[in-house]
Amino acid sequence: MTLVRFRYQRSAGTTEDVPLAGRTLRLSPLRREVVDGAVRITESFTRTLGADGAVTVTLNPTKPGQALLVEEDWRGGRNFVVIIPDSIEVVNATDLVEGNPATLEPGAEPEPAWIIELEKVSAQLRDIADNGAPAGPPTGGAGGALSGSYPNPGFNPAALRAATSVVVDFAAAATWSTTHSLGRRPAVSVFLPTGEEVDTDVVATDTTVTLTFATPTAGTLVLS
């Protein structure tokens, strides 16, 4: 048997996060038994989060073709399938590997989209830094052939590399704000923990960024 600890908190604005006490988790063991084209769900059970927003549940380790369906029974909660390891130590639910609902097998861990985009920007900057500054406009008399170039004296690869992107993780909140030191109004991208980019209300200035969601949402902010 494996002990799995589920723990939840909610954002309280400018104060510390508070435990999500009294909310209900519904847990349903799944096995790959198909009946009339559907996966049969065995007996489900519920557990209530304690005053600290946590509950520890004793679960059977899953075998191939088995998984556990977790349903967060509150507004903004999600449903997901996880694989339960065989462990003698308490396992945090956040460390469980999510499974594929169709096959009940462990799913591949997708690389967050913001990491991919950041790596693209970093590669471009490394190329510029390694190959020197881009050439300036060509010179030549009016009406004649243009030739020659000059480096851009204002180009600073190190400063550009440091100032191009800011990456900030944020906890679940309906409204969330942060400051930055880019010295300009940045382009803003917002990603869920799954790596999916989302659209939301954004107010960005030369020094601050404020995000507003329909429901409390956690994720990653990328400024560039």
Along Cα→Cβ, 7 Å out, is where each label goes; now give me the distance between the ones at residue 38 and residue 51 in nm to one decimal. 4.1
Given Cα pairs under 8 Å that are at least 6 residues apart, what percent is the relative contact order of the stretch 2-98? 35
The simple spin-label model distance between residue 175 and residue 91, using points 7 Å out along Cα→Cβ, in nm, is 4.1
Shape descriptor, the stretch 2-98: equivalent ellipsoid semi-axes (Cα gyration tensor, sqrt 5λ, whole Å, largest first) stand at 27, 16, 11
Would you kindly state how much longer the chain becomes between residue 100 and residue 197 on full extension, computed as 0.36 nm times their sequence separation minus their alpha carbon distance, in nm to one decimal? 32.8 nm
Residue 123 paired with residue 17, simple spin-label distance in nm, labels 7 Å along Cα-to-beta-carbon: 3.3
Want the number for residue 184 to residue 212: 0.36 nm per residue separation, take away the alpha-carbon distance, what's left? 8.0 nm
Please rank 80, 45, fewest neighbouring Cβ atoms within 10 Å first, as an exposure proxy. 45, 80
Within the stretch 20-88, DSSP-loop GluC sites (Glu not before Pro) with at most 12 other C-beta atoms within 10 Å are 43
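Readers should treat all values here as calculations from the given coordinates under stated rules, not as data from a laboratory. Computed from a predicted model, the values in this text were never measured in an experiment. So basically every Cβ, Gly included, is an ideal-geometry build from the backbone, and we count neighbours across all protein chains shown.
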